[in-house]
1. R0 = 22 Å: FRET efficiency of residue 166 with residue 108, Cβ-based, nearest 0.05?
2. Considering the convex hull of the alpha carbon atoms of segment 110-191, report its projected area averaged over all viewing directions, in nm², one decimal.
3. Once R0 is set to 45 Å, what does the formula 1/(1 + (r/R0)^6) return for the Cβ-Cβ distance between residue 2 and residue 77, expressed as a FRET efficiency to the nearest 0.05?
4. Quick one: among 136, 73, 106, which has the greatest mean-square fluctuation in a GNM of the chain with alpha-carbon springs under 10 angstrom?
5. Between segment 117-178 and segment 1-75, what's the alpha-carbon centroid distance in Å?
6. Provide 96, 133, 119 in ascending order of the number of other Cβ atoms located within 10 Å of each residue's Cβ, fewest first.
7. Pop a pseudo-label 7 angstrom from the Cα along the beta-carbon direction at both residue 176 and residue 196 and give the gap in nm to one decimal.
8. With labels modelled as points extended 7 Å from the Cα through the Cβ direction, what inter-label distance (nm, one decimal) is found for residue 38 paired with residue 120?
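Each reported figure results from applying straightforward, stated rules to the coordinates on display, with no laboratory input. Being a predicted model, the structure only gives us computed values, none of them experimental. Because the Cβ atoms are built from the backbone with ideal geometry, glycine has one as well, and the counts that use them run over all protein chains shown.
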């Protein structure tokens, strides 16, 4: 926290790998508590009560103004479901088969990349997208959502194969639709592994209650 410790940080490079110095406050808080407890334990019985009372009072008095939020930042739902324009997201949550850093914003949620077709978005949520497609010839489409196990594309209620390794559309879902008018649903559902994990959680909760 002070410039006096800069020499330690420069010489012991392992400390730099903690990324944020305030993470080490965990150690400072723990050992301060242990030290405080050891000091108070050495007091007499009556002095312990006074010392504990003073510590509690000082702790409450010095943090009183931080007991409530100073202000609130109200954001629309689209802020959380759309693209986050911040400096803390560097693509570390992207799957390994995609481009880590977003190269550009997509022009639309779904686009035609081969063939001829018109696309109308019917509705969209974070886990379910509906479209109406009119293809004058067989067309290849890209859903501008990064693929992850659980995503499924249905054309007229039938599941179709999805490609997510197209070099030009890395990580995004591409698929073909035949000529004609179609209803397309892009749905994120639970995988077998997640269903099993959910079941284990429920069983564990029931056992805990019993």
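1. Working: r = 17 Å, r/R0 = 0.79.
The formula returns an efficiency of 0.80 here.
2. Values: hull surface 19.3 nm².
For the Cα atoms of segment 110-191, the hull's average projected area reads 4.8 nm².
3. Working: r = 43 Å, r/R0 = 0.97.
Given R0 = 45 Å and the Cβ-Cβ separation, E is 0.55.
4. 73
5. Measuring centre to centre over Cα atoms gives 52 Å.
6. Working: 96 6, 133 20, 119 17.
Ascending Cβ contact count within 10 Å gives the list 96, 119, 133.
7. 3.4
8. Inter-label distance under the simple model: 7.5 nm.
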